[in-house]
Structures are given as structure tokens and as C-alpha cells.
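Every read-out reported here was derived from the displayed coordinates using simple, explicitly stated rules and does not represent laboratory data. All values reported here derive from a predicted model rather than from experimental measurement. Every residue, glycine as well, gets a Cβ built from its backbone with ideal geometry; the counts of neighbours run over all protein chains shown.
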Amino acid sequence: MRGKAWWGLPPLFFLLSIAVSARIVAFTAAQTESGRGRGSGSLLLEISRRPVFAFGFRNFLADVVWLQAVQVAGSRAMSHEDYDRLSSMLDAVTRFDRRFLIPYLVGGVLLGDSPPHAGEALRLLARGRENYPEDWRLPFYMGYTLYYVIGDPRKGAVAMQEAALLKGCPPFVGPLAARMFGEGNDPETALSFLENLIRVEDDPVRRGVFERRRAEVLVERDLQYIEGAVAAYRKSFGRPPGALQDLVLAGLLAGIPRDPSGGGYRLLPDGTVRSDLLPERLKVFRR
């Protein structure tokens, strides 16, 4: 009789596990809908730090959180809070399932798209490297974030160099690392970097991030070019130009560049130039 009672324990434990896991999913969904699931205190994140409470459903819970993360990442205009939520979700996903590669790659790039979250992107990519030391994309994206977002070309070049030594890495990465060592914080170097990224990237989400960056770098390159002409005009005439067209009339510009973002360039009273659609300058290139 006692033996029969023991035989009933595994099914009971299994049913209890399902009930607890379902409760976790329902609770987290309610948090997400109400906006309370944005911080590090979400239930699933806490359970991911104590996997024993997942009751053997770690992979299942990783998939649940990943589906939620994909919904957040799919927003065209992500807010700071959205990036916070995404960071917490990706932290949970990769703790539940450390061998789930895609969250490291997609999350590392998307979090890096928000400068305040660049450190979290690097930590996520570093965790991915611990579990996939043979994958060249992880140090490669770390190099991208370090160079472009953090503004540290030397550390970015070191990461690129490490990527270049791994099997399967595209041949352009090694020379690019050498160029980054010598020409950091230069728009032309960044454009070469981004053009190669876009050419080899097959994920539409990551490619979209790189294409937006390319447009921003093109704008910054134009602004620096025009501001150089403004400085030359001031030196020649002892006063700033009244309009950008004055630079063309003075022979300092062949023409006003077209803003690749679709806006136009404006000359400000202090002699700096701005884009109508991209008012924020890329500080990484400001010497």
C-alpha cells in the first residue's frame, strides 16, 4: 500500500509544476499589460535567477519570455522604458536557457541601439561569448557597440580583432580592425564598417538597426563637411555666412548636400549646421 502511494507522487509533482508554471506565465502577462513588468523585479526574472523554482520548465519559460521580448522589440518607436523591459526579459531568457543563441545576437544589437543601454548590450553579448566562444558574431557586435555607441575605437578594434580570428568570420573584419586602430572616431571608417555589416547581415531586425545608423553617419559626415566650409568662409570674409548658399557662391561648396534622412540642412547663428529630421549630433564623432 505504501509503495502505491509513492507511485502517485511523480504525476502529482508534474501537475503541480504545470500549475505553477501556468501561474507564472499568467502573472507575467498581467505585469506586462499593466506596465509593471519593466523593472528587474518581475517574477520571471527572479525565478530565472533561481532556476530550481522553474520545476524543470526552464526551456519552456525561456520561450515564453522570448516571445514577449520579440513583441517589445518589434515596436518601431521604442521608449526608454521599452528598452528597460527588453533588457530585463533578455536577462531572464538567457538565464533560463544559456544556450539560446538568438537572444544574445538580437538583444545585443537592439539594446546597443539605445546609448543608455549600451552597457547592458555589452554584458549580454559577453554572456553569449561565454556560452558560444566559437561564434565570431558576438565579439563582432561588441566591437560595433564599443566603437559606434560607446565611442571607444581602440576597445572596438580589439573586439573586432578577436572576431577576425574565429572560424567563419568575413575577410573584411581583420582589415577593418586595423583601420579602427588607426582612424577611430572618423565617419568614413564608420561608413565602411556599416556598409560591410549591412552586406553580410541576414537578420532584418539587425540590418534595420545598421541601416538607420548608416543614415545618421551620412548626415554627420555632411554636417562636418559643411561646417568646414563655414569656418573657411569666416576666415576669408571675417564674418559668418548668412545662408548656406553663400558657401556655394564663394566656391567653398560645389552644392548643398542632400540630407539622406529626407530633411534639409540649416545654418544656425553660431555657425553650426543641423539636420531638420536628425537634430541630435553624433557625439562619438565630435572631437
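Quick look at the values:
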{"item": "Options G263, G208, G242; residue that is of a type outside the set (F, W, Y), outside any helix (DSSP H, G or I) and closer than 26 Å to G151 by Cβ", "result": "G263"}
{"item": "Qualifying position, being over 27 Å from the mean Cα position of the chain (by Cα) and exposed (fewer than 15 other Cβ atoms within 10 Å of the Cβ), among G262, G251", "result": "G251"}
{"item": "Yes/no for Y233 being among the aromatic types (F, W, Y), assigned to a helix (DSSP H, G or I) and more than 16 Å from the chain's Cα centre (by Cα)", "result": "yes"}
{"item": "Condition met for E201 (over 19 Å from the mean Cα position of the chain (by Cα) and within 29 Å of A69 (Cα to Cα))", "result": "no"}
{"item": "Residues (over 21 Å from Y147 (Cβ atoms) and of a type in the set (D, E, K, R)) located in the stretch 82-114", "result": "D82, D84, R85, D91, R95, D97, R98, R99"}
{"item": "Test result for V219, in contact (Cβ under 8 Å) with a residue 40 or more places away in the chain and in contact with a helix residue (DSSP H, G or I) (Cβ under 7 Å, 6 or more places away or on another chain)", "result": "no"}
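Okay, residues lined up against (1) in contact (Cβ under 8 Å) with a residue 60 or more places away in the chain; (2) farther than 23 Å from E280 by Cα; (3) surrounded by fewer than 19 Cβ atoms within 10 Å (Cβ to Cβ):
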{"position": "S192", "(1), (2), (3)": "no, no, yes"}
{"position": "L197", "(1), (2), (3)": "no, yes, no"}
{"position": "Q224", "(1), (2), (3)": "yes, no, yes"}
{"position": "A229", "(1), (2), (3)": "no, no, no"}
{"position": "A232", "(1), (2), (3)": "no, yes, yes"}
{"position": "K235", "(1), (2), (3)": "no, yes, yes"}
